[in-house]
Amino acid sequence: MSRDRVTDWLERSGFSYFVDSEGDVGGLWHGWLFYFLVLGERSEVLQVRGQWHRDLTIERLEEVLDACNEWNAERIWPKTYVRVRDDGSVVVCAEVTADVGSAVTTPQLGQLLDCGLSTAAMFFEHLDRRYPDPLRAAS
């Protein structure tokens with residue numbers, strides 16, 4: 001498992017990506033920010049972590065936590081959670097993490113990356129329906 005294999009898959013799949021100052025691979029997928037992380041002492045863990053494209057106010061924390069808990073109770077992937085920033089805004093995240101051991105085939109890697117992107121997208125679309133963007137609604 002390596003970051004180069006992840007970027008190779010992204011390129012073959014036609015996705016644009018960037019490598020940040022810490023060496024992490026990220027990109028936008030349907031407007032959501034994703035990171036593709038290779039973790040572990042032996043680079044044996046793959047993590048696809050996405051962030052919903054909107055922040056919520058701290059007053060919505062309890063209800064968005066409920067939404068995450070409901071999702072997590074009913075589905076295996078992705079794991080969903082929230083982070084509260086220092087300014088009190090609430091960020092909603094989704095991630096798929098897999099321990100791939102010492103070897104993962106190219107088709108398996110592609111399937112894991114696709115799973116991380118597609119299941120997070122399903123959750124983010126669920127949030128879009130639950131919290132419609134008022135600027136997109138007709139007046």
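The values are calculated or read from the model by the stated rules, or taken from the named source; none is laboratory data. This is a predicted model, so every value here is computed, not measured. Positions of Cβ are backbone-derived with ideal geometry, glycine not excepted, and every protein chain shown enters the neighbour counts.
Suppose we filter the stretch 1-18 for residues that are without any contact (Cβ under 8 Å) to a residue 12 or more places away in the chain, over 16 Å from residue 105 (Cβ atoms) and not in a loop (DSSP other than H, G, I, E, B); how many remain?
2
Since residue 6 meets every condition but one in (1) surrounded by 11 or more Cβ atoms within 10 Å (Cβ to Cβ); (2) more than 14 Å from residue 114 (Cα to Cα), which condition does it not meet?
Just one mismatch for residue 6, condition (2).
For the stretch 75-131, what are the residues that are among the aromatic types (Phe, Trp, Tyr), part of a strand (DSSP E or B) and more than 16 Å from the chain's Cα centre (by Cα)? Before you say what the answer is, go through the steps one by one.
Going through the stretch 75-131, the residues among the aromatic types (Phe, Trp, Tyr) turn out to be 77, 81, 123-124, 131.
Checking the rest, the ones that are also part of a strand (DSSP E or B) come to 81.
Selection gives nothing.
Given the structure, is residue 49 assigned to a loop (DSSP other than H, G, I, E, B) and within 15 Å of residue 83 (Cβ to Cβ)?
Values: assigned to a loop (DSSP other than H, G, I, E, B): no; within 15 Å of residue 83 (Cβ to Cβ): yes.
Judged against the criteria, residue 49 is not a match.
Has the stretch 74-82 got at least one residue that is modelled with pLDDT of 95 or more and more than 18 Å from residue 117 (Cβ to Cβ)?
yes
Could you check the stretch 40-61 and list, in sequence order, the residues that are of a type in the set (A, V, I, L, M, F, W, C) and surrounded by 16 or more Cβ atoms within 10 Å (Cβ to Cβ)? Before the answer, list the steps.
Within the stretch 40-61, the first condition is being of a type in the set (A, V, I, L, M, F, W, C), and the residues that meet it are 45-46, 48, 52, 56, 58, 61.
Those that are of a type in the set (A, V, I, L, M, F, W, C) and surrounded by 16 or more Cβ atoms within 10 Å (Cβ to Cβ): 45, 46, 48, 52, 56.
If residue 21 meets every condition in (1) loosely packed, with under 11 Cβ neighbours inside 10 Å; (2) outside any loop (DSSP other than H, G, I, E, B); (3) not charged (D, E, K, R) apart from one, which number is that one?
Unmet condition: (2).
Which residue pairs have Cβ atoms closer than 6 Å, lie 6 or more positions apart in sequence or on different chains, and pair a first residue in the stretch 37-64 that is touching a residue at least 12 places away in the same chain (Cβ under 8 Å) and within 14 Å of residue 24 (Cβ to Cβ) with a second residue that is crowded, with 16+ Cβ neighbours inside 10 Å and among the hydroxyl-bearing types (Ser, Thr, Tyr)?
Correct list of pairs: 47/97; 49/35.
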